[in-house]
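What follows is a structure written as structure tokens; I'll ask about it next.
What follows draws every value from the coordinates through simple rules; no lab data is involved. In this text, all values refer to a predicted model and were calculated from it rather than measured experimentally. Every residue, glycine among them, receives a Cβ derived from its backbone with ideal geometry; neighbour counts consider all protein chains shown.
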Amino acid sequence: MHFIESWFGNPLWRKELRQRMRSGRTVLAMSLYLFVIGTVAFVFMYVNVQGQTLLLQPTRTAELFMFLSYLQLAMISFVTPGIAAGAISGERERQTLAVLLTTPLSPASIIVAKFISSISFLLLLIVMTLPLYSIVFLFGGVVPSQVLAVFGLQSLTLGTIASVSVFWSTWLRKTGWSTVLSYATVAMVFLGSAILGYFLDDLANHSPDQGIITWVSGLCYSMNPIYMQASLEATLGFITPAFHQPAVASVFSIVTTHDLSSSISWLFFLVVYGFGSVILLVTSIWRLRPGGWIVLKKRVIKWLLR
């Protein structure tokens, strides 16, 4: 109980949250986010039914749900590095990190407080879009449990991207470099895994070891939130829309071909994203410890000289 109270009573955490939520830019950002998502949703509905809302069918609402979910996944993946990449490097640039380390707060408390303050605003954005998804419920095709499952996947993806950004922010001194590498990591996860999976699929068609290469290709797709969200949407059993876009059809085709709805694919995804986030945060805590990097180098050199 004392442990929980100590985390929730973290002064850095409370200061970061108050400073962020009292800013006028935060209110403006939330308003613009809801305006963009809401406008896109209503325009999508209008275009699909040609202005006659009585013609909105469950298959159309399933398309709307998929469109909104992928739009939100893209937006949080783009915004998160910009918010979290300056968590520690920003303190270095303001020359306040040394003062922060002299406080009773431990490096773990500092990293966790920065991590939570980075994702809290984005989690709030995700929750704020729930009323927009209620439009989908009015016409059928999707149930609340399916929306909550997609939100859970997006929250896990958000936490992983934030941990990557905090990691780069801890190890690099400049916020610019940490931001660039954070976006590069996100691009590698979203685009790199898809390109590598496509390359391995093409290679498997001309190789005698087709089974092994196809299995490795499936692991590459399992690391990609786009395909795993498609897997989740296909597994939950909502009314499947007709895929008019070749790109969307190809995503669900890969989900079926590699059986990304299987427990092995989901276990691999959860292990990579869950344990990967923990490892990155623990590494960041070690880096933030005064003299921690020097001690680590001495231990590595000592182990190599054995």
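Under a Cβ-Cβ cut-off of 12 Å, what is the net charge of the residues other than K174 that fall near it, where Lys and Arg count +1 and Asp and Glu count -1? Let's see the in-between values first.
Details: positive: R92, R173; negative: E93.
Combined, the nearby Lys, Arg, Asp and Glu give +1.
Rounded to two decimals, what is Rg over Rh for the range 120-197 when you use alpha-carbon atoms and the Kirkwood radius? Numbers along the way, then the final one.
Details: Rg = 16.4 Å, Rh = 14.7 Å.
Result for the range 120-197 is an Rg/Rh of 1.11.
Next question. If each residue of separation counts as 0.36 nm, what is the full-extension length gain between W215 and L17 once their alpha-carbon separation is subtracted? All intermediate terms of the calculation are to be shown ahead of the outcome.
Details: separation 198, 0.36 × 198 = 71.28 nm, distance 4.38 nm.
The W215-L17 span can extend by a further 66.9 nm.
Just grab the label-to-label distance for S263 and S250, each label 7 Å out from Cα along the Cβ direction, in nm (one decimal).
So the label points at S263 and S250 sit 3.3 nm apart.
Please arrange V127, V143, V251 by counting, for each residue, the other beta carbons lying within 10 Å of its beta carbon, fewest first.
Numbers: V127 11, V143 14, V251 23.
Going from least to most buried by this count: V127, V143, V251.
Which net charge results when you count Lys and Arg as +1 and Asp and Glu as -1 among the other residues whose beta-carbon is under 15 Å from that of S217? Provide the component values of the computation, followed by the final result.
On the way: positive: none; negative: D201, D202, D209, D259.
Every neighbour counted, the sum reads -4.
Taking 7 Å along the Cα-to-C-beta vector as the label spot, tell me the Y46-L191 distance in nanometres, rounded to one decimal.
Result: 3.2 nm between the two label points.
Right, something else. As a footprinting exposure proxy, order K114, K15, K302 by other Cβ within 10 Å, with the fewest listed first. Kindly include the intermediate steps, with their values, before the conclusion.
Details: K114 27, K15 12, K302 9.
Ranking K114, K15, K302 by Cβ neighbours within 10 Å, fewest first, gives K302, K15, K114.
Oh, and also: What is the gain in length, in nm to one decimal, between L71 and L105 on full extension, counting 0.36 nm per residue of separation less the C-alpha to C-alpha distance? Don't jump to the answer; show the numbers that get you there.
Working: separation 34, 0.36 × 34 = 12.24 nm, distance 3.83 nm.
Result: 8.4 nm gained on full extension.
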